[in-house]
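A quick write-up on the structure given underneath.
The values are calculated or read from the model by the stated rules, or taken from the named source; none is laboratory data. On a predicted model such as this, the values are computed, not experimentally measured, just so you know. As a convention, Cβ positions derive from the backbone with ideal geometry for all residues, glycine included, and neighbour counts pool all protein chains shown. Protein only, heavy atoms only, side chains kept; ligands, DNA and RNA dropped before computing areas. Shrake-Rupley method; radii C 1.70, N 1.55, O 1.52, S 1.80 Å.
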Amino acid sequence: MANIKSAKKRILVNKTKADRNKAIRSSVKTAMKKVDAAVVANDKEAAKAALVAAISAIDKAATKGVYHKNNAARKVSRLTKAVNGIA
């Protein structure tokens, strides 16, 4: 454990940020799983609704710096392609 006051604060701040990032990543993964489940079930309407929610979550995560913008774009592209591939 650190002895210097500023180092102690850094540890606390880093933990807070890591917890926040973990929660945001988790919500994005959950949204993506909902889209994937709807695609597997061939439910186009549910997939489209889930896709809108997932894109929103991914964009918010990218805006907050949790994901790099290219990573977010790749996730959105893959999900959109999967939804558009439903017959």
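Within the range 68-87, the set of residues being over 18 Å from Lys34 (Cβ atoms) and touching a residue at least 40 places away in the same chain (Cβ under 8 Å) comprises Ala87 only.
Of everything listed in (1) within 10 Å of the chain's Cα centre (by Cα); (2) part of a helix (DSSP H, G or I), the single unmet condition for Lys48 is (1).
Pairs meeting the criteria (first residue in the range 1-17 and among the polar types (S, T, N, Q), second residue modelled with pLDDT of 95 or more and not in a helix (DSSP H, G or I), beta carbons under 9 Å, at least 6 apart or on different chains) are lacking. For Lys60, indicate whether it is more than 12 Å from the chain's Cα centre (by Cα), open to solvent by 70 Å² or more (accessible area, probe 1.4 Å), modelled with pLDDT of 95 or more and among the basic types (Lys, Arg). The answer is no for Lys60.
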